[in-house]
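Read-outs: derived from the displayed coordinates by stated rules, not from any lab. Since the model is a prediction, treat every value here as computed from it, not as a measurement. With ideal geometry, Cβ positions are generated from the backbone for all residues, glycine too; neighbour counts draw on all protein chains shown.
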Amino acid sequence: MRIIRAKDYDDMSRIAANIIAAQITLKPDSVLGLATGGTPVGTYKELIKKYNEGVLDFSEVRSVNLDEYKGLPKENAQSYDYFMKVNLFNHVNIKEENCYIPNGMAEDDDAECHRYDEILERFPRDLQLLGLGLNGHIGFNEPNDHFSKGTNLIQLTQSTIEANSRFFDSYEAIPKYAFTMGIKSIMQARKILLCVSGKHKAPILRDLIHGPITPQVPASILQLHNDVIIVADEDALSLM
Ligand code: PGA
């Protein structure tokens, strides 16, 4: 595990974008596992900046997103499909047909999980970007008594629902279930880039790095991956 200490959120975003840009430069047809939430927004802004400067080309890049809320159509401004378009895809030359994300409106949950697993198998990820949930989740893999394998439909915990409430008008509007890439699939990415910012993440980041490997802290499994880079700001590293 390599830990890169960033000064603050903007610095973390610049460093993370540089790592992703290097990946795309070295392998223009890279498959990127992408993430949503507050953490990667700055990273995506930096990538857009590089694209506009003419130093990055997304025309051969594929993206495979981590998760999607169940029950939100693509057009819903809180869906992760929408998030990706607004925060990255609409601003760079990635091809729409090369962007994959679970379908939150799928009628058959099992069939959707199976469909997504096939996509993950077809397009092994060169780099997986991750944020870190306050309860240690990665993707939407919440604390559990086992590590999940493939794509699964999960019930969000109260902690996650509360953390996400800032994006919704009312508690009722927050989805309570989501499709997520499984832990095993996340671990199959060649390289993992975990970004963490803020004092509120300091205790869980400490547990991830120094605590026991347990499905109660799903991100702790990253200790077993042989190519993990953690880019964290000083606030997030303040308990280390
Ligand atoms: P955040 O969420 O980036 O909005 O803090 C991280 C996560 O829940 O994975």
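Computed values, structure above
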quantity: Cα centroid separation, the stretch 162-178 to the stretch 89-120 (Å); calculated: 22 Å
quantity: Estimated 222 nm signal from helices in the chain, with DSSP H stretches of n ≥ 4 weighted -39500 (n - 2.57), rounded to 500; calculated: -9000 deg cm²/dmol
quantity: Test item: Cα-centred dipole of the chain, Lys/Arg +1 and Asp/Glu -1 on Cβ, debye; calculated: 760 debye
quantity: Peptides ranked, highest mean first, by Cβ atoms within 10 Å: ranges 119-132, 65-78, 183-196; calculated: 183-196, 119-132, 65-78
quantity: Lysine pair count for the stretch 64-178 [Cα-Cα under 22 Å; pairs on different chains or 8 or more apart]; calculated: 8
quantity: Sparse-neighbour loop sites [trypsin sites (Lys or Arg not before Pro); the stretch 1-56; at most 14 other C-beta within 10 Å; DSSP]; calculated: 7
quantity: Nearby lysines by direct alpha-carbon distance to residue 201 (threshold 17 angstrom, same-chain neighbours under 8 apart not counted); calculated: 7
quantity: In sequence order, calculated HN-Hα J values of the stretch 216-233 (Karplus, 6.51, -1.76, 1.60; Hz; x Gly/Pro); calculated: 6, 10, x, 5, 4, 5, 4, 4, 8, 7, 8, 9, 10, 10, 9, 10, 10, 8
quantity: Candidates per chymotrypsin sites (Phe, Trp or Tyr not before Pro) in the stretch 157-240, loop by DSSP, up to 16 other Cβ within 10 Å; calculated: 168, 171
quantity: Nitroxide proxy distance, nm - points 7 Å out along Cα→Cβ at residue 41 and residue 8; calculated: 1.6 nm
quantity: Extension gain (nm, one decimal) between residue 118 and residue 27, 0.36 nm per residue minus Cα-Cα; calculated: 30.5 nm
